[in-house]
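Comments concern the structure below.
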Amino acid sequence: MSALAGRRVVLGVCGGIAAYKAVEVCRRLVDAGAHVVPVMTEGATHFVGETTFTALASEPVRRSLWGDPGAAIPHTQLGQSADLVLVAPATARLLSAYAAGYSHDLLTNVLIATRAPVLVCPAMHTEMWDHPAVQDNLAVLRHRGVHVVEPTEGRLAGGDVGKGRLAEPADIVAAAERLLAGGEPTGGDLAGVSVIVTAGGTREPIDPVRFIGNRSSGKQGHAIAEEAAARGADVVLVTTAKLAGPPGVERIDVETAQQMHDVVMGRAGEADVVVMAAAVADFTPVRVAGHKLKKADGVPAIELRPTVDILAALGSAKPEGQVLVGFAAETRAVREHALGKLAAKRADLLVANDVAAEGAGFEHDTNEVVIFTATGGEQHVPLTDKRSVARAVLDAVVGARSGGNG
């Protein structure tokens, strides 16, 4: 028996062209045995008529906070009685209002009032989907426990093609069923994939106070970990950064290159994907002073030795089928150094950037990279926010796992 059987589902429908697909979602929910209560926004009625949903659902369409004589407080009644609130399509406006707690209509009131699981299924044009505000709102909602079925790539309104197409009704209903059965609803193109991500710059101690380090903030690695988790991956983040950890991610804090090596190598054998986004120091002091070095004692002689090469170690021990991603932060001859590193370290992908370029690289919220593949592919990602760069990197990972990068 379906986990939807006998369950009360509030189906929210927003004002986007994909509202026509919500009709099929409604039918499939009812066929699975769910009691479906449709809640339409004003915008949704411009695309699909109320009569259609009233005919297919278990109860008539609800639209107004004031127009239901059977419920004095319809939003709390609907929210309290729901086993699941499912919004398909969820527009950028809905996501923004929900994230901000702006209850301007019946649907947003229900979302804020309910304690039931919430599953949102965004649909919009690619440019809107990629906008940092939309992604930030989704990150806020995910952090609060809202489940998301991401849009797919395909034909959009007006003949455009790109990511933003509402997931297929069968996939949406399957996600709802998994959620009510106690599982994770979002499939995603990395669902069930084990991913290790490293982030931040390592610190190599000179004495108890001083260290050799670099300018890496860890923002790009953390963005990759968050994006991977959003796409359904089981993520381990090995980081030196003091940034907040993405929700749903296992975090392991380290400091030195050796510590990072030990953690990563101890976990990499079971990983499907390893993304070495960390800026690992190339050198470490041979001897670490036990006490703070004093200026009065003169300039100390600090002898350095190379640190362990984590990416090379991963490449040498890479199990069959694993995708290994390296990063190269360069200041000159970026392409030449990146291609050399890609081959020497036996990586599958190499993400290179010019950290001297304006707005790119360390400490910025933006980045500009080129993704090289071991099969000769090359993709330029122009200056954009680091979450968008993360999506491009993981798109390349998905391509490599399917044999499609080249």
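The values are calculated or read from the model by the stated rules, or taken from the named source; none is laboratory data. Note that the structure is predicted; figures quoted are calculated from it, not measured. Glycine gets a Cβ as well: all are built from the backbone with ideal geometry, and neighbour counts include every protein chain shown.
Considering region 93-106 alone, what residues qualify as being buried (at least 18 other Cβ atoms within 10 Å of the Cβ) and under 15 Å from V146 (Cα atoms)? Residues satisfying the conditions are L94, L95, A97, Y98, A99. Please determine whether any residue of region 369-388 is within 22 Å of R203 (Cα to Cα), crowded, with 16+ Cβ neighbours inside 10 Å and either touching a Phe, Trp or Tyr at 6+ places or on another chain (Cβ under 8 Å) or in the same structural domain as P208 (by TED's automatic domain parsing) (or both). For region 369-388, residues within 22 Å of R203 (Cα to Cα), crowded, with 16+ Cβ neighbours inside 10 Å and either touching a Phe, Trp or Tyr at 6+ places or on another chain (Cβ under 8 Å) or in the same structural domain as P208 (by TED's automatic domain parsing) (or both): absent.
Yes/no per residue for (1) of a type in the set (S, T, N, Q); (2) under 12 Å from A329 (Cβ atoms); (3) touching a Lys or Arg at 6+ places or on another chain (Cβ under 7 Å):
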{"site": "A356", "(1), (2), (3)": "no, yes, no"}
{"site": "I371", "(1), (2), (3)": "no, no, no"}
{"site": "A374", "(1), (2), (3)": "no, no, no"}
{"site": "E378", "(1), (2), (3)": "no, no, no"}
{"site": "K386", "(1), (2), (3)": "no, no, yes"}
{"site": "V389", "(1), (2), (3)": "no, no, no"}
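In the condition set (1) part of a loop (DSSP other than H, G, I, E, B); (2) at pLDDT 95 or above, V274 is compliant with all but (1). Checked across region 169-191, the condition of being in the same structural domain as A34 (by TED's automatic domain parsing), touching a strand residue (DSSP E or B) at 6+ places or on another chain (Cβ under 6 Å), crowded, with 18+ Cβ neighbours inside 10 Å and outside any helix (DSSP H, G or I) holds for no residue. Here A244 meets each of (1) crowded, with 16+ Cβ neighbours inside 10 Å; (2) in a loop (DSSP other than H, G, I, E, B); (3) within 15 Å of the chain's Cα centre (by Cα); (4) in the same structural domain as A313 (by TED's automatic domain parsing) with one exception, condition (1). Taken over region 307-327, the criterion of being touching a strand residue (DSSP E or B) at 6+ places or on another chain (Cβ under 8 Å), assigned to a loop (DSSP other than H, G, I, E, B) and of a type outside the set (S, T, N, Q) is satisfied by K318 alone. Looking at V238, V161, just one residue is surrounded by fewer than 24 Cβ atoms within 10 Å (Cβ to Cβ), out of contact with any His (no Cβ under 9 Å at 6 or more places or on another chain) and hydrophobic (A, V, I, L, M, F, W, C), and that residue is V161. Has region 297-306 got at least one residue that is outside any loop (DSSP other than H, G, I, E, B) and either modelled with pLDDT under 95 or under 21 Å from the mean Cα position of the chain (by Cα) (or both)? Yes, that holds for at least one residue.
Put simply, of G232, G213 the only residue that is assigned by TED's automatic domain parsing to the domain that holds K292, in contact (Cβ under 8 Å) with a residue 12 or more places away in the chain, on the phi > 0 side of the Ramachandran plot and among the small types (G, A, S) is G232. The residue that is modelled with the lowest pLDDT, counting only those in region 197-235 that are within 16 Å of the chain's Cα centre (by Cα) and surrounded by fewer than 21 Cβ atoms within 10 Å (Cβ to Cβ), is G232.
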